[in-house]
Amino acid sequence: MNEKPVDKIAGIIYQHIIENYEKDISIIWNKPPSANLGDVSFPLFSIAKNVGEEVGVIGQSLKPKIENQEIIERVELKGGFLNIFFNRTIFSDKVLKNALKTEKYGKSSEESTRRIIIEHTSSNPNGPLHIGNFRGSVIGDLLSRLYKMSGAAVNVRYYVNDLGRQIAPVVIGYKLLKDNNIEPDSKIDLWIGKIYATMNTLLDIQELKKEIKSKTGNCFVSENLKYEINQNNKEEIEKILSSAELDEKTREYLLKSLKKLFSVQNSLSSKIPKLFGLLRDLTEKKVEDLSSLTQEYIEQYLKGNNKQIVDEYRELTEKALRGHIETLSRFNIFHDDFDRESDIAWSGEVKQILQKLETKQWLRHDGKARLLKNNEIATSLRFKEKYNIKHEIPDLILVNSEGIPLYPCRDIAYHLHKLEKFNANLCINVIGKQQQSLQLGVRLALYALNRSDIADKIIHFDYEYVTLVGRKMAGRELEYVTPDELYSLAREEVYKFLNERDYSEEEKAKIANIVSAASVKISIAKIDPNKAVMFDVKKATDLNENSGPFLLYSFTRAKNIISKAKKANIPIEEIINNLESVEISIIEDEEWNLIKLIEELPMIYKRAINTKRPDTIVNFSFEICKAFNKFYDNCPVISEKNKKIRETRILIVQATIKTLESLFEVLGIESLEKM
RNA sequence: GACCCUGUAGCUCAGUAGGAUAGAGCACCUGCCUCCUAAGCAGGGGGUCGACGGUUCGAAUCCGCCCAGGGUCGCCA
């Protein structure tokens, strides 16, 4: 099908206006609120007003021109709307046969000129993926699949932030455990997450005690129990703080920190008593000063010269990353390449960049600290003009007051060469909204470095974060929901179904894996990225309508009709191979509604890309499946006696299968023959 | 204070290039498995689309102002 029927009609109206009124007007159409008002509808008000003519007159003169089209059944003029009824037979004939003839329905070359880098997930390698960054994975995956379906060349990258300051204590803790032959008691990234929470808590305790000591001058505070606050200790410190000479704000702050840390420590030691106690004892015994050791690790790894420390860091972060990859692969989410922040730091490029910015006077000084003069850059290099920004843009800190370059520096260096890696003409960074100003800063820095050509190709695809119903999120207290956890919860739900069915264990396992992955993935994918999600674990593992399982189930029903039909000696292959000889006969609304939706698929893909709304694909999938289930209930296929009707229905079922196969590919969920 | 996002049914969300009577799912109530898998289908109740103005034939959708929630705005990433 070369042209959508509705576009053809819009073209006729457009031509009519040009010829009779010499006006260039864009023609709008919409779906009528109810089926008895037609299949599509053209409001005539604005057209009439534009050309200075009565609505009725325009309508009457358009009506015959549209009516004489083969694909049109009839046209009704109602209340200023031109309501179009398609000829169901001709329309369906085109749609069904077109869908069945194409190798992959919905595949297009709309975006074939694009070479796109999509960066997503990019989680810190110091613990498991949680539901927050997993949302980015899902969105990024859908986007990349959507672009591929539209003909673009896509390269998916993961930026490994292995230079985070909080990683150092984890490396130290991991090493302590390893040296003492302590084996992980859980999936490796989860294990690392536990070490992360513990070691950073120990470090915080030590540093708080140091701080209190220096502010109060009381040596008692850190004499013993460097990494621990017990009840007596806490009361003692509180006494010291309340009697010390401090300004109120500091006192309050220190008391609050103490209270908070005390509770974090206790919550951790009750959640993971064995590991927490072990790590604390090991640290107490083997580490003289965790704080300064941490600092040393950070500095050494940033420089990259100390082979031992580099190896330790790499081993840990590689393991965590492997855990992420394992998790993602359960949901059919894959990356083509991984870029490490440390590699960029070691390349020496950051220094050059800072020098260039310095020479061009784009840096504001404050002691050793350096800030990017964002607003000045944006104004004088016409960034504001180009992106229609009217407000002031705050400066971005690049180098801290100790002279250490911060994360944005590496990100600038990264983006300077990122696009080259794939010869890309577009770079989409799927990153949480909290990084908005950072991402803006990176693009401004590129402007400042005379690389606006790169900056203009970068899009920050931001998404809102996830909050939890009935649970809090705090990595430091091991409070998070992981995709792995959701996956296994969903699996339990699936097994409740499967245990009532007579499948082999092997079949059950396969079905459970596919259904749980789809269930979790779809529950996240269906929500508008702009919306802060209130995530309900129960909902994500729910198997009812508007869920991944609902999509999969609909597909198995369609497949089942075909396989049963074959058994009933209906020559499916023959019908499909001789498409053109099938005579279409549409008699039910359920058939018609489904066909109209099938026709929309290519447009849905196009619009999802244009509006940057991958979630609309999910909602469209639900619609298709709902329509199919209605068809399923009302329109028997195999038992239908009339040959035309039966064969039409077989085409409808096959076209639905093709549509769903296409959608599943974009959603990255696997299909099942039975479940 | 500035900027970004959000506010639609009891809950979770669709619907916003302006269009006719605002839709799903969950939850609640009522039906449907001698009939292609009931992870389904049919039906019911449930709404001043955050508030107020404006633009116009027409506004959940566009504009303005306000209210509420979340996020960011100089040493974390």
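The values are calculated or read from the model by the stated rules, or taken from the named source; none is laboratory data. This structure is a prediction, so every number in the text was calculated from the model and none was measured. Neighbour counts are summed over all protein chains in view; Cβ atoms, including those assigned to glycine, are modelled from backbone coordinates with ideal geometry. Ligands, DNA and RNA are stripped out before the accessible areas are found, and what is left, the full protein with its side chains, is counted by its heavy atoms. Shrake-Rupley method; radii C 1.70, N 1.55, O 1.52, S 1.80 Å.
Data for the structure
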| read-out | value |
| --- | --- |
| Selection status of A:Gly164, on the phi > 0 side of the Ramachandran plot and part of a loop (DSSP other than H, G, I, E, B) | no |
| Scope the range A:354-382; condition touching a residue at least 24 places away in the same chain (Cβ under 8 Å), more than 14 Å from RNA strand B (Cβ to nearest atom) and within 11 Å of A:Leu444 (Cβ to Cβ); matching residues | A:Leu357, A:Trp362, A:Ile377, A:Leu381 |
| Failed condition for A:Gly470, given (1) within 22 Å of the chain's Cα centre (by Cα); (2) over 24 Å from A:Asn375 (Cβ atoms); (3) modelled with pLDDT under 95 | (1) |
| Pairs with Cβ under 7 Å, 6+ apart, first in the range A:397-421 and within 22 Å of A:Phe338 (Cβ to Cβ), second more than 7 Å from RNA strand B (Cβ to nearest atom) and of a type in the set (Lys, Arg) | A:Leu416/A:Arg451; A:Leu419/A:Lys457 |
| Boolean, A:Thr201 is buried (at least 17 other Cβ atoms within 10 Å of the Cβ) and modelled with pLDDT of 85 or more | yes |
| Breaking point among (1) within 27 Å of the chain's Cα centre (by Cα); (2) on the phi > 0 side of the Ramachandran plot, for A:Gly367 | (1) |
| Which listed residue, of A:Ile652, A:Ile669, A:Ile638, A:Ile645, is at pLDDT 95 or above and within 21 Å of A:Lys521 (Cβ to Cβ) | A:Ile669 |
| Residue within the range A:626-649 that is open to solvent by 60 Å² or more (accessible area, probe 1.4 Å), more than 8 Å from RNA strand B (Cβ to nearest atom) and of a type in the set (S, T, N, Q) present | yes |
| Residues located in the range A:365-374, provided they are surrounded by fewer than 17 Cβ atoms within 10 Å (Cβ to Cβ) and closer than 15 Å to A:Leu438 by Cα | none |
| Matching residues, the range A:508-525, being buried (at least 16 other Cβ atoms within 10 Å of the Cβ) and either assigned by TED's automatic domain parsing to the domain that holds A:Lys187 or not polar (S, T, N, Q) (or both) | A:Lys508, A:Ile511, A:Ala512, A:Ile514, A:Val515, A:Ala517, A:Ala518, A:Val520, A:Lys521, A:Ile522, A:Ile524, A:Ala525 |
| Only listed residue being near RNA strand B (Cβ under 10 Å from one of its atoms), in contact with a Phe, Trp or Tyr (Cβ under 8 Å, 6 or more places away or on another chain) and of a type in the set (A, V, I, L, M, F, W, C), chosen from A:Ala565, A:Ala540, A:Ala512, A:Ala517 | A:Ala512 |
| Residue that is farthest from A:Lys526 (Cα to Cα) [pool: residues in the range A:548-561 that are open to solvent by less than 10 Å² (accessible area, probe 1.4 Å) and more than 6 Å from RNA strand B (Cβ to nearest atom)] | A:Ala558 |
| The one condition in (1) open to solvent by 30 Å² or more (accessible area, probe 1.4 Å); (2) within 12 Å of RNA strand B (Cβ to nearest atom) that A:Lys457 fails to fulfil | (2) |
| Conditions (1) near RNA strand B (Cβ under 10 Å from one of its atoms); (2) out of contact with any Asp or Glu (no Cβ under 9 Å at 6 or more places or on another chain); (3) more than 30 Å from A:Thr89 (Cα to Cα): number failed by A:Pro529 | (2) |
| Condition met for A:Gly59 (more than 24 Å from A:Ile604 (Cβ to Cβ) and in contact with a strand residue (DSSP E or B) (Cβ under 8 Å, 6 or more places away or on another chain)) | yes |
| Unique residue being of a type outside the set (D, E, K, R), more than 9 Å from RNA strand B (Cβ to nearest atom) and farther than 30 Å from A:Tyr407 by Cα when the list is A:Leu444, A:Leu449, A:Leu489 | A:Leu489 |
| Odd one out for A:Val618 among (1) in a helix (DSSP H, G or I); (2) surrounded by fewer than 21 Cβ atoms within 10 Å (Cβ to Cβ); (3) touching a Lys or Arg at 6+ places or on another chain (Cβ under 7 Å) | (2) |
| One residue from A:Lys104, A:Lys23 being closer than 30 Å to A:Ile652 by Cα, open to solvent by 60 Å² or more (accessible area, probe 1.4 Å), among the charged types (D, E, K, R) and assigned to a loop (DSSP other than H, G, I, E, B) | A:Lys104 |
| Test for A:Lys496: is it within 12 Å of RNA strand B (Cβ to nearest atom) and either in a loop (DSSP other than H, G, I, E, B) or touching a residue at least 40 places away in the same chain (Cβ under 8 Å) (or both) | no |
| Enumeration of residues in the range A:58-79 that are assigned to a helix (DSSP H, G or I) and open to solvent by less than 50 Å² (accessible area, probe 1.4 Å) | A:Ile58, A:Gly59, A:Ser61, A:Leu62, A:Ile66 |
| Hey, A:Lys421 basic (Lys, Arg), touching a Leu at 6+ places or on another chain (Cβ under 9 Å), surrounded by fewer than 22 Cβ atoms within 10 Å (Cβ to Cβ) and closer than 25 Å to A:Leu142 by Cα or not | no |
| In the range A:585-615, the residues that are open to solvent by 10 Å² or more (accessible area, probe 1.4 Å), more than 14 Å from A:Tyr105 (Cα to Cα) and within 11 Å of RNA strand B (Cβ to nearest atom) | A:Glu588, A:Asp589, A:Glu590, A:Asn593, A:Arg607, A:Asn610, A:Thr611, A:Arg613 |
| Cβ pairs under 8 Å, 6+ apart, first in the range A:65-93 and among the polar types (S, T, N, Q), second open to solvent by 70 Å² or more (accessible area, probe 1.4 Å) and outside any helix (DSSP H, G or I) | A:Asn87/A:Glu70; A:Asn87/A:Glu73 |
